[in-house]
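Q: One structure, pasted below without further comment.
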Amino acid sequence: MTKKNEHWILIRGLAREARHWAEFPAKLKAGLREAGIEPRIDAIDLPGAGRFSEMKAPLTIGEMTEFVRGKYLEIRRQMRERGETPPEVTRLVSISLGGMIASDWLQRWPQDFSGAVLMNTSFKGYSPVYRRLKPNAMKELVSVLKAQDPLERETRVLNLVSNREDLIPTMAQDWAKIAEERPVSMENFSRQLLAATLYSPKQEPPAAPVLILGSKQDRMVDQSCSKVIARKWAADYEVHESAGHDLTLDDPDWTVQKIVAWELGLNELLGA
């Protein structure tokens, strides 16, 4: 059976980069292949993090969107130059701050993506500030920023965003190595956080189908924020009962299962 080609773009959150997706991209690719889809998956870093950690992060979500979109268009241009045909079906997968960029992207360039997944994100004007970033989480973030040792800092970050105590010691070592290789400056962290705090999307939903995934036990962003977006956008919505804010870390298999099921539903709806 000929597999259907699709292009999937992944965007992470605050002060995170492509490597923080861990095993999720590989699991997503495997899950899609089992469903008869041959995906190309590209994780694009935000300005001020990852491959672009030496850049100054913009102060607005809009500018971040423009940067990431430029990288997306460059990927597809390079494909054409190699004689490849970029897939017509395109999907966007995002988490946290990445979800704000996804929202902005879908609303400003609706032709770019034929569907998107937003996980554990929140918007100004949709949810109050104390739900967008829980008070205890804000206190913890302030103390995390004071930690000088990368291992201590990443351990504390993981204790905030993950509910998988069994994963934290090993993952903290991996994330500390990332932090040493491509450190996110205090200035860039602050600029990204300010942009996230101020971002308010249009009230009308995007034209593309959207799947909203939330974590009931998210200790950073109240799960109600995802629920509000899903209701206002009339989007598909699924909630995990025990995972933390970093849903793809805590339960990548569940996340892939929900995304693949949603994708197959879209294809059936469109007669693909």
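All of the numbers you see were taken from the coordinates with simple rules; none came from a lab. Since we're looking at a predicted model, the values are computed, not measured. All Cβ positions, even for glycine, are placed from backbone atoms using ideal geometry, and neighbour counts span all protein chains on display.
Q: Based on the alpha-carbon gyration tensor of segment 73-130, what equivalent-ellipsoid semi-axes (square roots of 5 times the eigenvalues) come out, in whole Å, largest first?
A: 29, 10, 9
Q: Enter the angle in degrees (range 0 to 90, nearest 10) between the Cα long axis of helix 61-81 and the first principal axis of the Cα atoms of the chain, meaning the one along which they spread out most.
A: For 61-81 against the chain, the angle is about 40 degrees.
Q: Based only on other Cβ atoms within 10 Å, what is the fewest-to-most ordering of Ile41, Ile229, Ile75, Ile11?
A: Numbers: Ile41 18, Ile229 24, Ile75 15, Ile11 29.
Ordered from fewest to most neighbouring Cβ atoms within 10 Å, Ile41, Ile229, Ile75, Ile11 come out as Ile75, Ile41, Ile229, Ile11.
Q: For segment 95-184, evaluate the Debye formula with one uniform point scatterer on each Cα (no solvent term) and list log10 I(q)/I(0) at q = 0.14, 0.19 Å⁻¹, rounded to two decimals.
A: -0.68, -1.00
Q: Also, I was wondering about something else. Could you give the distance between the Cα centres of segment 130-170 and segment 32-66, to the whole Å?
A: 23 Å
Q: Which whole-number percentage describes the relative contact order of the chain, with Cα contacts under 8 Å and a sequence gap of 6 or more?
A: Working: 487 pairs, mean separation 63.5, N = 272.
Once divided by the residue count of the chain, the mean separation gives 23 percent.
Q: So what's segment 142-220 giving for Rg/Rh, alpha carbon basis, Kirkwood Rh from the mean inverse pair distance?
A: Details: Rg = 16.0 Å, Rh = 15.1 Å.
Result for segment 142-220 is an Rg/Rh of 1.06.
Q: Compute the helix-to-body angle for 186-198: its Cα long axis versus the longest principal axis of the chain, expressed 0 to 90° and rounded to tens.
A: Roughly 60 degrees between the two axes.
Q: Next question. Sorting check: for 183-189, 78-84, 60-66, which peptide has the highest mean count of neighbouring beta carbons within 10 Å, and how do the rest follow?
A: Details: 183-189: 15.9, 78-84: 9.9, 60-66: 19.3.
Ranked from most to least packed, the peptides come out as 60-66, 183-189, 78-84.
Q: I've got another one for you. Under the rule of -39500 (n - 2.57) per DSSP H run of 4 or more residues, summed and divided by the residues of the chain, what mean residue ellipticity at 222 nm is obtained, to the nearest 500 deg cm²/dmol?
A: The helix contribution divided over the chain gives -15000 deg cm²/dmol.
Q: Could I ask something else about it? In which sequence would Asp218, Asp149 go, from the one with the fewest C-beta neighbours within 10 Å to the one with the most? List each step's numbers first, then the result.
A: Numbers: Asp218 27, Asp149 10.
Listed from fewest to most nearby Cβ atoms, that is Asp149, Asp218.
Q: May I pose another question? Can you tell me the relative contact order of segment 1-136? Whole percent, Cα pairs under 8 Å, sequence separation 6 or more. Show your work: numbers first, answer last.
A: Details: 203 pairs, mean separation 36.9, N = 136.
Relative contact order comes out at 27 percent.
Q: Using a Cα-Cα cut-off of under 25 Å, which lysines could be cross-linked to Lys3, ignoring same-chain neighbours fewer than 8 residues away?
A: Lys27, Lys29, Lys258
Q: What span do the alpha-carbon atoms of the chain cover on each of the three principal axes, reported in whole Å from largest to smallest?
A: Between the extreme Cα coordinates on each principal axis of the chain lie 52, 40, 36 Å.
Q: Roughly what angle does helix 150-161 make with the longest principal axis of the chain, taking Cα atoms, 0 to 90 degrees, to the nearest 10?
A: Orientation of helix 150-161: about 60 degrees from the principal axis.
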